[in-house]
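Below you'll find the structure, written out as structure tokens, and then a few comments.
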Amino acid sequence: MTSIDTAAMTTTLVHRASEHDAWWRNAVIYQVYPRSFADASGDGIGDLPGITSKLDHLARLGVDAVWLSPFYRSPQADAGYDVADYRQVDPLFGSLEDFDVLIERAHHLGLRVIVDLVPNHTSDEHEWFQAALASPKGSPERARYIFREGKGPEGAEPPNNWQSIFGGPAWTRLPDGQWYLHLFDSKQPDLDWTNPEVHEEFRSVLRFWLDRGVDGFRVDVAHGMVKAEGLPDWDGHVAMVEGVDEEGSTGAGNQGPMFDQEGVHEIYREWRAVLDEYEGDRILVAEAWVEPLSRLARYVRPDEMHQAFNFSYLTTKWDAQALRKVVTASLVANDEVGAPSTWVLSNHDVVRHPSRYGLSDPGSKPQGIGIGDEQPDEELGLRRARAATLITLGLPGSAYLYQGEELGLPEHTELDDSLRQDPAWFRTGHTERGRDGCRVPIPWDAEAPAFGFSPTGAAWLPQPASWAKYALSAQRGDATSTYGMYRAALRIRRDFKLGSGSLAWVDGLPEATAATTVAFVNGDVLVLANLGTEALPIGPEYGLELLISSQPLVHGAPLPPDTAAWFRLPR
Ligand code: GLC
């Protein structure tokens with residue numbers, strides 16, 4: 001195999017360095033899933049004081065911001081994505097005062113704080129829905145939700161054929177005969193965004209948290225709030241997480257009359273105007289499972305949101321060509337509207353990426369993994385995950401990390417089914433394992449009960465014994481650990497301004513090498529990843545200075561399979 005020759009290297013530029021320096025354009029944002037991060041109260045469920053106690057860890061890691069999944073008052077039918085009061089902290093997680101302490105500490109450490117906003121639906125225990133239940137058909141109370149008469153004799157059939165994303169029908173009938181729509185669980189009734197009262201309420205909720213100092217909002221199901229007029233039947237498959245397409249590339253798309261309707265954009269323009277009233281660059285981030293990327297980019301036009309999660313990137317398989325394609329498509333689509341691209345590999349809704357990459361079809365995306373399913377190759381998966389991280393953090397734009405990935409944490413793939421809590425597991429008649437396996441509490445201390453997650457050793461989901469080796473305490477101080485690699489990569493990313501940098505693909509690699517290599521230049525840095533099965537020679541004579549690698553690498557030695565590295569280019 002021919003070696004990489006930087007002297008003769010030609011490149012194709014697809015993205016120029018950004019001239020804007022707003023923080024969010026290149027930020028690394030760390031997702032905290034409150035119930036599983038750190039438990040200060042000892043009840044086995046993480047809480048806000050627990051998060052505050054670990055903010056130093058995040059500052060040391062080197063991230064710029066924290067995104068908190070919901071901690072609002074909620075019956076927890078969907079782990080808090082069923083909000084009963086948008087202006088209160090659930091007692092499980094603490095109090096508003098705890099939130100104030102958290103945000104003050106975060107800001108003191110230089111960390112911004114983004115909170116989750118769930119506007120597509122409320123909890124059925126929200127006072128609005130309770131009022132709707134207590135009010136007659138046709139009342140203003142019911143007009144805040146999507147109530148309809150059924151079809152067929154006596155309206156006994158649901159108003160249309162829509163299915164819930166968690167399985168089963170998307171409609172539930174009340175004793176008085178009317179049906180209400182819920183794209184998710186029956187305890188998550190969809191709001192009617194044609195109702196001005198709903199708009200007014202959410203503008204007020206935005207202001208409530210902006211006044212408390214939050215730096216932005218991650219907007220849940222941002223593509224779902226407006227439904228096509230007349231709620232027409234649809235025979236497509238409704239899923240939050242689609243499988244990959246035959247090209248092994250993206251597949252995040254969600255079409256159908258419940259998603260990605262033109263009207264959602266008006267809502268974001270309205271919200272952008274609210275955010276712009278505030279000082280300090282507050283942001284809106286779309287959780288929109290929309291494709292193609294050019295369609296997703298419409299959510300981040302200059303007067304709408306600031307960022308959108310790049311699920312096309314997340315769903316791309318461990319395949320060099322597919323990665324190259326999705327990176328180019330992302331940068332081109334976002335450049336067109338002047339928005340930064342984002343990059344994400346894991347979150348609380350998908351199987352953790354080290355486990356996805358350890359499957360026989362690496363990077364494929366099962367709806368959860370449990371006993372009896374194919375078990376990932378843990379070592380190989382982690383090896384690839386570390387390489388994927390160096391690709392991701394080497395890209396220009398903003399990157400999202402999911403709690404525990406800095407420890408190389410895999411999915412819990414052998415969780416006892418009797419402990420599962422995800423509504424998807426129940427609503428699919430126990431056919432989809434769901435998302436509990438990526439929500440298991442974080443191991444902080446290898447020696448402590450519940451690995452230091454809680455002072456009493458309680459944990460709402462049990463951690464596998466094998467997680468001792470992933471605990472922060474087992475990795476701290478070891479530069480070769482996954483934690484050590486993340487810290488170093490974040491530091492170098494900052495030093496070399498990779499987040500606001502450029503991207504040029506390296507051309508002219510021999511065909512066989514090109515098929516399995518991700519090779520790009522961002523400013524002064526060459527990012528090289530070998531996804532093939534043979535080592536990739538890198539001639540020592542080219543003066544490449546090794547900055548970091550995902551596996552131990554000797555200067556000038558070939559890059560082993562499933563390994564990535566950053567090199568400083570000779571001047
Ligand atoms: C989003 C959340 C997911 C939740 C769903 C319903 O996709 O990320 O966890 O179940 O919305 O709110």
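The values are calculated or read from the model by the stated rules, or taken from the named source; none is laboratory data. Note that this is a predicted model, so its numbers are computed, not measured. Methodologically, a virtual Cβ is constructed for each residue, glycine included, from the backbone with ideal geometry; neighbour enumeration extends over all protein chains shown. We work out accessible area using only protein heavy atoms, side chains counted, and drop any ligands, DNA or RNA first. Shrake-Rupley method; radii C 1.70, N 1.55, O 1.52, S 1.80 Å.
Once you have the alpha carbon radius of gyration of region 501-552, what is it after dividing by 2.2 N^0.38 Å, with N set to its residue count?
Here the answer is 1.15, to two decimals.
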Provide the gained length on full extension for the span Arg87 to Phe208, in nm with one decimal, where the gain is 0.36 nm per separating residue minus the Cα-Cα distance. 42.8 nm
Return P(r) of region 339-380 (all Cα-Cα pairs; 10 Å bins starting at 0; whole %; ordered from short to long distances). 28, 50, 16, 6, 0
Along the charge dipole of the chain, pointing to its positive end and built from +1/-1 on Cβ of Lys, Arg, Asp and Glu, which listed residue (Ser355, Ser95, Gly394) has its Cα farthest out? Gly394
Local net charge near Arg433, Cβ-Cβ under 15 Å (Lys/Arg +1, Asp/Glu -1): -3
If N is the number of residues in region 416-571, what value comes out of its Cα radius of gyration divided by 2.2 N^0.38 Å? 1.39
Solvent-accessible area per residue for the chain at a 1.4 Å probe radius, Å²? 36
With Cβ to Cβ distances under 15 Å as the rule, what net charge do the other residues near Ser500 carry (K, R +1; D, E -1)? -2
Whole-angstrom Cα spans of the chain along principal axes, big to small: 80, 51, 50
Check the straight Cα-Cα distances from Lys187 and name the lysines below 23 Å, setting aside those fewer than 8 residues away within the same chain. Lys137, Lys151, Lys227
With +1 on each Lys and Arg Cβ and -1 on each Asp and Glu Cβ, how big is the dipole of region 60-154 about its Cα centre, in debye rounded to the nearest 20? 300
The percentage of the accessible area of the chain (probe 1.4 Å, all protein chains present) made up of carbon and sulfur atoms, to the nearest whole number, is 49
When the charge dipole of region 258-336 is computed with +1 on Lys and Arg Cβ and -1 on Asp and Glu Cβ about the Cα centre, the Cα farthest towards its positive end, among Ala273, Ala329, Ala286, belongs to Ala329
Quick one: P(r) of region 484-571 from all Cα-Cα pairs, 10 Å bins, percents rounded to integers, in order of increasing distance. 17, 52, 30, 2
Computed over region 312-366, the Cα gyration tensor eigenvalues, each multiplied by 5 and square-rooted, give semi-axes in Å (largest first) of 24, 13, 6
If the chain between Glu511 and Asp373 were fully extended at 0.36 nm per residue, the gain over the current Cα-Cα distance would be 46.1 nm
Helix-only [θ]222 nm of the chain, DSSP H runs n ≥ 4, -39500 (n - 2.57) each, per residue, nearest 500: -7000 deg cm²/dmol
Give the cross-link partners of Lys54 among the lysines, using a straight C-alpha distance below 20 Å as the criterion and excluding same-chain residues fewer than 8 apart. Lys469
Enumerate the aspartates and glutamates that Lys325 could reach by cross-link, defined here as Cα to Cα under 12 Å, with residues fewer than 8 away along the same chain left out. Glu247
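Within a Cβ distance under 10 Å of Ser164, other residues only, what is the Lys/Arg minus Asp/Glu net charge? Write down the numbers at each step before the final one.
Numbers: positive: Arg427; negative: Asp185.
The answer is 0.
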What does the C-alpha gyration tensor say about the overall shape of region 352-431? Classify as rounded when a/c is under 1.5, otherwise prolate if a/b is larger than b/c, or oblate. prolate
Within the chain, what percent of beta bridges assigned by DSSP are antiparallel, to the nearest 5? 55
Between rounded, prolate and oblate, where does region 46-152 land on the alpha carbon gyration tensor, with a ≥ b ≥ c its root eigenvalues, rounded for a/c under 1.5, else prolate if a/b exceeds b/c? prolate
